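Structure first, then comments.
What follows draws every value from the coordinates through simple rules; no lab data is involved. Predicted model only: the values in this text are computed from it and were never measured. Here the Cβ positions follow ideal geometry from the backbone for every residue, glycine too, while neighbour counts run over all protein chains shown.
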Amino acid sequence: MALSLSDFTKFNNIVVQCHDNPDADALASGYALTTYLKSQGKDVRFVYGGKFPIQKANLLLMTERLEIPAEYVTSIDKPELLITVDCQYKESNVTYFEADNIAVIDHHQVSSELPAMSDVRSAYGSCSTILYELLQKENVDINSDINVSTALYYGLMTDTGGFAEISHPADKDLRDFAKFKIDDILMFKNSNLSREELSIAGDALNGARYDDEYRYGIIEAAPCDPNILGIISDMFLEVSGVDTCLVYSILPFGVKLSVRSCIKEVRAGELAAYLAEGMGGGGGHMYKAGGLLKKDLMEKANIPYEKESLDKYIDDRMSQYFKDSEIIYASNHHEDISQMSHYVKNPVSVGYVEASKFAKPGGKITVRTLEGDVDVDVEEDLYIIIGVEGEIYPCTGERFKRSYKKLSDPYVYPGDYPPTVIDMEDGARISLLPFAKSCLSCSSSGVYARELTNRVKVFTAWDEHKYYLGTPGDYLAVRADDTSDVYVINREIFYKTYAPAED
Ligand SMILES: [Mn+2]
């Protein structure tokens, strides 16, 4: 599945195609790819089809100011290679053109069989991010062409609700490291709404539905650009008595969702993922998130794709979320350990890094992982542990000596996105893996644990602001030597890490 841009250089006559009615992400990723292929001396065109050429003001400005050579076409001469970006070949919103060879670069859910040359990363917030990484792999710095980097930055920005719905670390990398023309971004941003869209927003606000018990609200907006949903939900959340809200719009290919929350008991990203579970995808961060219920998946699940049943599906799913979630505050919770079993940690091989090898004591670093960014104060004898799923946690030298034993085998990282460290002072990016060594985690007095049969949100004793989610199958654990320490352990990690105690 993985692809390199250099795979394309054996072809000469290439067409890059994005979906019909292109959005900023489609234009940006097509532009970055076209620019790269031109630099390799290829004969390349960047095209899109559909009923109309681009009309939205921000996109017209974008193509003009950044010199994006996107051509609106109804037919093309059959190329040697056709590469679709931000979409998949033969999808309904991708005008069909014949070609000798096909390649696909996309960040949506896989919709049908992919060609051999394809790179689809559904967890990414934008296709621009994939192009950024593919260019990096060819040692091309996106910032060497300010038009390309501005386009990629704007593509990611619009596909993630102004960065609010970012969850993947690769997206954060593009957001943080792209240099961009600020004047252009400001200009695009403020030509985002048409007068018709302002009216759509106004009409939508009039139809708000409320749940007083759980203090949430729901709004349906007429079909519109997904960006409008974010604008509506931001405003909706400001209403008193609304702590969490959902704004959605039924589009020809799926239902777009925008979720907001201002209470710690509901993480917007987690709610969006719950709402879209099995039907597409959703995610984001604490306060803002987005998602999509795909039309084909809804129909496969026997939910007719029409307003009435979609409204009901959304209402039911939202109310289920609030009814099903149990909330545990570790600081005033007493779990009955007689109902739990005793487990001890298997000696398991994990990674460790001595922070002093790459950071100065007294400084601050951010460790970026698939699970999120972790801020760490660098102290004299700080160790960073890389767990069995690639999750990281800091540890003092004293605790390290007590709980871990250094090994001589080389460290092999288990995950997809290798953790990187960002020095908060100078913004330097350092890969953690070259410093990582392996060690054995040794047993302690273990935990009492039980398998969860419901959704549980646990506010642990060490972080009262952010809950850890447990879903059925995960384990609720209490430390044997400190029963006030209640937390959730992911099912897979639990099985890899713990075994029943022999007592
Ligand atoms: Mn996109």
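Key figures for this structure:
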read-out: Highest-first arrangement of 215-221, 158-164, where packing means the average Cβ count within 10 Å; value: 158-164, 215-221
read-out: Total charge dipole magnitude, the chain, about the Cα centre, Cβ charges on Lys, Arg, Asp, Glu only, Debye to nearest 20; value: 560 debye
read-out: Extension gain (nm, one decimal) between K437 and E133, 0.36 nm per residue minus Cα-Cα; value: 106.8 nm
read-out: Rough spin-label spacing in nm, given labels placed 7 Å along Cα→Cβ, for H342 and V73; value: 7.2 nm
read-out: Distance between modelled label sites at E379 and Q109, nm, 7 Å Cα→Cβ extension; value: 4.5 nm
read-out: Whether the chain is rounded, prolate or oblate, judged on the alpha carbon gyration tensor where a/c under 1.5 counts as rounded; value: oblate
read-out: Label point distance in nm, C262-K466, each placed 7 Å from Cα along Cα→Cβ; value: 2.2 nm
read-out: Efficiency of FRET from Cβ geometry, R215 and E425, R₀ 45 Å, rounded to 0.05; value: 0.65
read-out: Nonlocal amide H pairs with A103, under 5 Å, H built at 1.01 Å; value: L82, I83, T84
read-out: Calculated FRET efficiency for the pair E80/E306, C-beta based, R₀ 51 Å, to 0.05; value: 0.75
read-out: Candidate lysines - alpha carbon under 21 Å from K437, same-chain residues fewer than 8 apart omitted; value: K345, K357, K360, K401, K405, K406, K496
read-out: DSSP beta bridges in the chain [antiparallel fraction, %, rounded to 5]; value: 70 percent
read-out: Relative contact order (%) - the chain, alpha-carbon pairs under 8 angstrom, separation at least six; value: 9 percent
read-out: FRET efficiency estimate (nearest 0.05) - Cβ-Cβ, E64 to K405, R0 51 angstrom; value: 0.25
read-out: Set of lysines near K56 by C-alpha distance (under 30 Å), chain-local residues within fewer than 8 positions excluded; value: K38, K78, K90, K172, K179, K181, K189, K256, K288, K294, K295, K307
read-out: Distant-in-sequence amide H partners of G363 (H built 1.01 Å from N, under 5 Å); value: V378
read-out: Mean separation of Cα contacts under 8 Å (6+ apart) over length of the range 347-441, as relative contact order %; value: 36 percent
read-out: For the range 366-380, 3J(HN,Hα) per residue [Karplus equation, 6.51 cos²θ - 1.76 cosθ + 1.60, θ = phi - 60°, Hz, x = Gly/Pro]; value: 10, 9, 9, 10, 4, 7, x, 8, 10, 8, 9, 7, 7, 10, 3
read-out: Segment S92-E389, length gained on full extension (0.36 nm per residue, minus Cα span); value: 103.2 nm
read-out: Furthest towards positive pole of dipole, I76, N101, N139, structure part the chain, Cβ charges; value: N139
read-out: Gain upon complete extension [S4, S194; 0.36 nm per residue less C-alpha separation]; value: 64.5 nm
read-out: Integer Hz, Karplus 6.51/-1.76/1.60 couplings in order for the range 80-87, x for Gly and Pro; value: 5, 9, 10, 10, 8, 10, 6, 5
read-out: Helix-only mean residue ellipticity at 222 nm for the chain, each DSSP H run of n ≥ 4 adding -39500 (n - 2.57), per residue, nearest 500; value: -8000 deg cm²/dmol
read-out: Estimated vicinal HN-Hα couplings, Hz - the range 240-251 in sequence order (Karplus 6.51, -1.76, 1.60; Gly, Pro = x); value: 5, x, 10, 9, 9, 9, 10, 10, 9, 9, 8, 9
read-out: GluC sites (Glu not before Pro) restricted to DSSP loop in the range 400-503 with at most 16 other C-beta within 10 Å; value: E425, E502
read-out: Packing rank of 248-255, 224-231, 107-114, 396-403, where each peptide gets the mean count of other beta carbons within 10 Å, highest leading; value: 224-231, 248-255, 107-114, 396-403
read-out: The range 380-503 shape via C-alpha gyration tensor axes, a/c threshold 1.5; value: prolate
